[in-house]
Structure formats: structure tokens, C-alpha cells
Amino acid sequence: MEWEIVMGLEVHTELATKTKIFCGCSTEFGGEANTHVCEICSGMPGTLPLLNRRVVEFAIRTGLATHCDITRKNKFDRKNYFYPDLPKAYQISQLYFPICRNGYIPVTGADGAPKKIGIHEIHMEEDAGKLIHDAFTDSTLVDYNRCGVPLLEIVSEPDFRSAAEVIEYLEKLRAILQFTGVSDCKMQEGSLRADVNLSVRPKGQTAFGTRTEMKNLNSFRAIQRAIAYEAERQIELLEDGGEVVQETRRWDDNKGISYAMRSKEDAQDYKYFPEPDLPPIEISEETIERIRASMPELPEQKKRRYTEELGLPEYDTSILTSEMAYVKLFEATVALCDSPKDVANWIMGEVMKLLSATATLPENMPLTPEALAAVINMVRAGKINRGTGKTVLEKAFCDGVDPEQYVAAHNLAQITDLSALRPVLEEVIAANEKSVSEYKAGRTQAMGYIMGQAMRALKGKAPAQEVQKLLHEMLD
Amino acid sequence: MQIDKDLVMYLEKLGRIELSEAQRAATEKDLQDILTYIDTLNELDTDGVEPASHSFPIANVMREDEVTNTARPEAILQNAPNSRDGCFVVPKTVE
Ligand SMILES: [Zn+2]
């Protein structure tokens with residue numbers, strides 16, 4: 001039987017605000033336990049939440065970028081559950097009136113045709129604290145630094161039919177969140193987390209199968225592997241005459257398996273009710289238009305501009321706009337050296353190679369636009385050759401050296417005065433008598449060896465064409 | 001809605017509390033009385049009345065995104081029954 005996989009995604013993203021959603025505590029990542037905590041976010045009795053204006057603005061930006069309707073009359077709701085990561089014993093979230101609804105993100109479907117992945121809703125809520133198991137006392141330690149950090153939950157429709165669609169959607173969503181300044185989307189720091197709802201059904205069947213929800217997916221690779229694993233598990237189960245149980249499963253990326261989490265029946269009764277401590281938020285047409293007008297350029301708009309104004313090929317624009325870090329480096333470098341295609345080539349070639357060789361994430365880009373522009377300018381001016389350029393770029397990337405100073409200090413500049421070549425080549429000819437006589441006797445391959453020796457003696461600092469021309473002049 | 005012993009025990013589970021049999025019976029009666037009392041509200045005709053979740057006609061009470069709090073871990077932990085290494089200590093929680 002042929003099976004079809006059906007998936008929906010719940011993405012949580014931590015917002016790049018300075019402060020938490022309901023109090024003036026910093027959202028900065030890291031730091032000593034419970035140092036970004038106050039009476040409000042630690043749930044002390046008698047305290048009241050006060051909504052961070054930027055959270056609403058960021059939610060609207062995200063909604064506009066994903067073609068959503070913006071809800072004019074917003075309310076918050078209480079989601080009740082007892083767990084020590086939540087000191088109030090409830091999470092303030094939005095159930096009845098989420099701020100954005102009915103949007104979409106376009107992806108490429110199975111047949112290569114464009115396809116829209118529907119966004120059911122986007123709502124605002126607060127993050128929970130962190131639990132640390134203490135093996136020594138066999139108890140649990142709680143740190144509330146992350147508690148109250150603003151989140152957007154972006155809930156898709158069950159429109160995905162393959163892992164490739166899921167990854168493309170996530171990449172596009174991440175780019176939108178980064179480009180609009182809504183989130184830095186660092187998956188390691190948990191600022192972008194995805195839960196995958198997955199079911200399978202015989203191809204052609206319209207009713208959905210029973211779905212499971214997978215949590216703890218911390219990288220795109222983990223998501224891809226978890227999807228493959230879960231689809232296969234469900235198909236095997238059904239083909240053996242079994243049944244899929246609706247449950248939450250946790251992915252273990254080290255072992256490459258998922259396992260059912262403890263029964264969720266206790267937690268499912270969240271007893272939602274309207275949050276009495278927060279007055280409603282009414283969003284006017286003017287507010288929406290003001291935010292629309294001040295929206296930063298989105299990936300698709302940048303792609304179009306790079307093609308139309310800078311003349312870059314489609315392939316380059318796709319790669320450059322896949323990460324905010326590439327866009328920042330690209331635009332700042334072009335401003336300094338005015339050669340978009342060269343800059344694109346260096347970023348897509350050497351810079352990406354160095355990122356992957358040093359296992360550095362693009363967002364932690366150590367290379368400055370000034371350094372990249374300096375290397376590109378020196379290569380273009382013929383001051384250094386491309387090979388030297390790569391070496392210098394690596395030094396700038398890894399050790400933060402100033403490219404121009406480095407070239408000067410290590411005497412790497414190209415020999416532009418051709419008369420300076422002749423004495424070096426004379427020495428090479430004298431030192432390689434054997435090859436020279438072979439060449440003169442008609443063994444033309446010997447020239448390759450002599451050429452190699454010459455370039456070595458010149459430390460690669462002279463244009464090879466000129467060196468070869470001069471050697472022929474001297475030997476022929 | 002009918003309150004029975006099973007529902008009371010389910011609520012105990014959700015609330016992480018345990019009642020004695022006597023308390024259970026009393027709670028069952030109390031909850032039933034509360035619901036009956038609330039039911040009188042259903043007798044009102046609310047057609048065309050917009051649902052209200054808030055008592056005052058105010059909206060858009062917000063603050064600017066500026067850090068106003070400083071680190072005070074000792075103050076935050078001072079009422080905790082148990083704390084260690086700057087953290088609250090709670091009974092072991094298995095995920
Ligand atoms: Zn706080």
C-alpha cells in the first residue's frame with residue numbers, strides 16, 4: 001500500500017525584546033540562575049502583569065509578513081497547569097482571540113509546483129523556567145531566568161506532505177523572523193523550537209489518521225530524522241495490523257529514536273479562562289499601517305532587489321537571503337567595495353567554507369565587512385592573487401587580522417614590476433640545469449616543472465601568465 | 001452539570017492535592033451548590049450582549065520595552081522553603 005504522510009507544525013519562537021512580556025526583567029540569555037527574575041515573573045502573590053508593547057508590535061510584524069489577518073480585539077487567557085517550571089501555576093497565553101489568523105508561507109510542493117502552507121494562527125504567550133535535575137540530592141533545581149520571556153507560537157495547518165516541505169517552511173519562517181527583527185532564531189539557545197504533529201493515511205484517503213506529537217527537536221537535521229523515523233514507525237504499526245496511539249513523543253537525537261512521554265492525560269485539562277489581570281488590546285487600522293510601513297525588507301523583497309538592482313543571478317540571491325547574517329555581511333561589504341557579484345562569490349565560496357570548516361554558525365560570523373572588502377579590493381586591484389586572498393581571508397576570519405596590514409607585514413603583495421621577475425627566474429634556471437637542458441632538447445613537459453619551481457621561488461606573488469611568458473622568452 | 005466523586009478525584013489530581021473521604025463528600029456538595037448558583041445566571045437572556053472578560057472599560061495598558069529590574073536573587077529566594085546554588089529546590093520532577 002502507498003502511504004501519505006500528513007504533518008502540521010507548532011513553532012515557538014522567543015522574541016528579541018529587551019525585556020520579558022509582563023515585567024521589566026532582562027531577556028538576556030545565560031547569566032547566573034534567577035538573576036533576571038522579579039516578583040512578577042516568579043509569580044509572587046499580589047503582583048500584576050503589565051504587557052510589553054513591543055511584543056504586540058513583533059506579533060503584528062510576523063502576522064503581516066505571513067499574510068495573516070490581524071485580530072482587532074485581543075485578549076489573553078490563562079492556561080492552568082501545575083508544574084514547577086511555571087511559578088504562577090498558569091501560563092498567560094491566547095486561546096480564544098489569537099493575534100494573527102489565516103496566513104500562509106509559500107513552499108515548493110512535491111511536483112515542483114508552488115504550494116501554500118496555511119498558518120492557522122499566531123498567538124502571544126510567556127515562556128517557562130528551566131528545571132535542572134540535581135543528582136546529588138535527587139531533587140529538582142529551578143531557574144526562572146527564562147520564565148516570562150515572550151514567545152510567539154505559530155501554528156500551521158496540517159498541510160505538509162514531506163520532510164522537505166517542513167524544512168523549507170522552517171527556513172522561510174526563520175528568515176522572516178530574523179529579517180523582521182522579531183527573533184534571532186538561535187536553535188541551540190531554544191529561541192526557535194518546533195513540534196511536529198504527524199499522521200499517516202493510505203494515499204487517496206481523505207480522513208486523517210491518528211496523529212502523534214513530537215517534541216524536543218533542536219535542529220533542522222533532528223526534525224528531518226524524527227519525521228523519517230516516526231512515519232516509518234506508524235506505517236509499520238499499521239501494516240502489522242496495529243493502531244497508532246495519540247500521544248506525545250520525545251525525540252532522542254543521540255539514539256535516533258523517539259519514545260512516548262508519560263501520559264499527558266493529567267495535563268490536557270488546562271481549564272482555560274480569560275485572563276482577568278490584563279485588559280484587552282485593541283489594534284487600530286492606523287497601528288497596523290504604521291507597522292506595515294516600518295517593516296524591514298523581507299527575504300523575498302531582498303531577492304528581487306538583488307536581481308533587479310544588483311544584477312545577481314537567482315541562485316546567488318537565494319543563498320544570500322537564506323540567513324540574515326549573510327545579508328548583513330553582503331550589504332555592508334557591497335557598500336564598501338561596490339562589486340556585488342565579487343562579494344556574493346566570496347561569501348558563497350570562501351566565507352561559507354570557513355564557517356563550515358570551523359563549525360561556526362552564520363549568526364556568530366567573526367568576519368567583518370571591512371576585512372572582506374579589503375581582501376576583495378586587493379584581489380581586484382591585482383595587489384594580491386586569489387590564492388593569497390584566500391589565505392588572508394582565513395587569517396581575518398580566524399584570527400581577526402587586518403588584511404592590508406597582514407599583506408604588508410608578510411610581504412605578500414604581488415610583484416607588479418615585471419623587471420623584478422627576471423633576476424629571480426635567472427636563479428631558478430641556474431638551479432635547475434637538468435630540467436632546463438631537457439626542455440631545450442625538446443622535452444616540453446619539463447617546462448611545467450620549471451614553472452612550478454619559479455612560482456615557488458616567487459611565493460606565488462607574480463601573475464603566472466607573465467612568469468610563463470618570461471620563461472619562454474628566456475629559454476626559447 | 002453533575003458533580004460526582006470521580007470528578008472530585010480528577011480535580012484532586014489536576015490540583016495535586018489529596019482529600020480525605022469526608023472532605024471529598026463535602027467538596028462534592030460544595031461544588032454542586034456553586035454550580036447550581038451559577039446556573040441561575042443561565043436564566044438571563046444574554047442574546048446580543050457582547051461577552052465581557054474584564055470589569056472596566058479600559059484597553060491597551062502597556063509598558064515600553066525597557067529593563068527596569070536589577071538582579072536580586074537573594075530577595076527572590078528569601079521566602080523559598082528550600083534553595084541551593086541560587087535556585088529554588090523542589091521535589092524531584094520526572095519528565
Ligand atoms: Zn520579572
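Coordinate-derived values only; no laboratory data. Treat the numbers as computed from the prediction; the structure is a model and nothing was measured. Here the Cβ is made from the backbone with ideal geometry for all residues, glycine too, and neighbour counts use every protein chain on show.
Quick one: putting +1 on the C-beta of Lys and Arg, -1 on the C-beta of Asp and Glu, what dipole do you get for the range A:3-286 around its Cα centre, in Debye to the nearest 20?
Dipole about the Cα centre, nearest 20: 420 debye.
Relative contact order of chain A: what whole-number percent is it, with Cα pairs under 8 angstrom and at least 6 residues apart?
Reported as a whole number, the value is 14 percent.
Using a Gaussian network model of chain B whose springs link C-alpha atoms within less than 10 Å, name the residue from B:GLU43, B:GLU18, B:GLU74 with the highest mean-square fluctuation.
B:GLU74
What FRET efficiency comes out for A:ASP252 versus A:ASN345 if R0 is 35 angstrom and r is the Cβ-Cβ distance? Round to the nearest 0.05.
For R0 = 35 Å, the calculated efficiency reads 0.30.
So how much slack lies between A:ASP399 and A:SER356, counting 0.36 nm per residue of separation and subtracting their Cα-Cα distance, in nm?
13.9 nm
In deg cm²/dmol, rounded to 500, what helix-only [θ] at 222 nm does chain A give when every DSSP H run of at least 4 residues adds -39500 (n - 2.57) and the total is split over its residues?
Calculated mean residue ellipticity at 222 nm is -11500 deg cm²/dmol.
Determine the dipole magnitude for the range A:108-258: charges of +1 sit on the beta-carbon of Lys and Arg, -1 on that of Asp and Glu, nothing else is charged, the reference point is the Cα centre, and the result goes in debye to the nearest 20.
In debye, rounded to 20, the range A:108-258 gives about 420.
Return the subset of A:LYS20/A:LYS172; A:LYS79/A:LYS302; A:LYS18/A:LYS75; A:LYS20/A:LYS255; A:LYS130/A:LYS255 for which the Cα-Cα distance in this structure is over 32 Å, preserving the input order.
From the list (A:LYS20/A:LYS172; A:LYS79/A:LYS302; A:LYS18/A:LYS75; A:LYS20/A:LYS255; A:LYS130/A:LYS255), the Cα-Cα distance tops 32 Å for A:LYS79/A:LYS302; A:LYS20/A:LYS255.
Place a +1 charge on the Cβ of each Lys and Arg in chain A and a -1 charge on the Cβ of each Asp and Glu, then give the dipole magnitude about the Cα centre in debye, rounded to the nearest 20.
Its charge dipole is roughly 820 debye.
How about A:LYS461: which lysines have a C-alpha closer than 29 Å to its C-alpha, ignoring those fewer than 8 places off in the same chain?
A:LYS341, A:LYS353, A:LYS383, A:LYS390, A:LYS395, A:LYS434, A:LYS440, A:LYS469
Which distance in nm do the two modelled labels at B:ILE58 and A:GLN205 give, with both placed 7 Å along the Cα-to-Cβ direction?
That separation, rounded to one decimal, is 5.4 nm.
Write down the radius of gyration of chain A and its Dmax, each obtained from C-alpha positions, in Å.
Rg and Dmax of chain A, Cα atoms, are 29.6, 99 Å.
Check A:ILE119: other-chain or 5+ apart residues with amide H under 5 Å from its amide H, H built from backbone geometry?
So A:ILE119 has HN proximity to A:GLY103, A:TYR104, A:ILE105, A:GLU157.
Can you figure out the FRET efficiency of A:ARG290 with A:ASP134, using R₀ = 56 Å and their beta-carbon distance, to the nearest 0.05?
The calculated FRET efficiency here is 0.70.
Compute the long axis of helix A:464-475 from its Cα atoms, compare it with the longest principal axis of the Cα atoms of chain A, and write down the angle in degrees, 0 to 90, nearest 10.
20 degrees
May I ask you to sort A:ARG233, A:ARG290 by Cβ crowding, counting other Cβ atoms within 10 Å and putting the fewest first?
Least crowded to most crowded, the residues run A:ARG290, A:ARG233.
Calculate how many DSSP beta bridges within the range A:3-286 are antiparallel, expressed in % of all such bridges and rounded to the nearest 5.
Approximately 95 percent, going by the DSSP bridge assignments.
Please compute the modelled spin-label separation between A:ASN218 and B:LEU35, points set 7 Å along Cα→Cβ, answer in nm with one decimal.
4.5 nm
Evaluate the distance, in nm, between pseudo-label points positioned 7 Å from the Cα of B:GLU18 and of A:GLU243 along their respective Cα→Cβ axes.
Using points 7 Å along Cα→Cβ, the separation is 3.3 nm.
Angle check, please: helix A:369-380 long axis (alpha carbons) against the longest principal axis of chain A (alpha carbons), in degrees 0 to 90, nearest 10.
The angle comes out at about 30 degrees.
Compute the distance from the alpha-carbon center of the range B:22-77 to that of the range A:165-201, in whole Å.
34 Å
Calculate, for A:SER437 and A:ARG386, the FRET efficiency according to 1/(1 + (r/R0)^6) with r their C-beta to C-beta distance and R0 41 Å; round to the nearest 0.05.
Computed FRET efficiency for A:SER437 and A:ARG386: 0.75.
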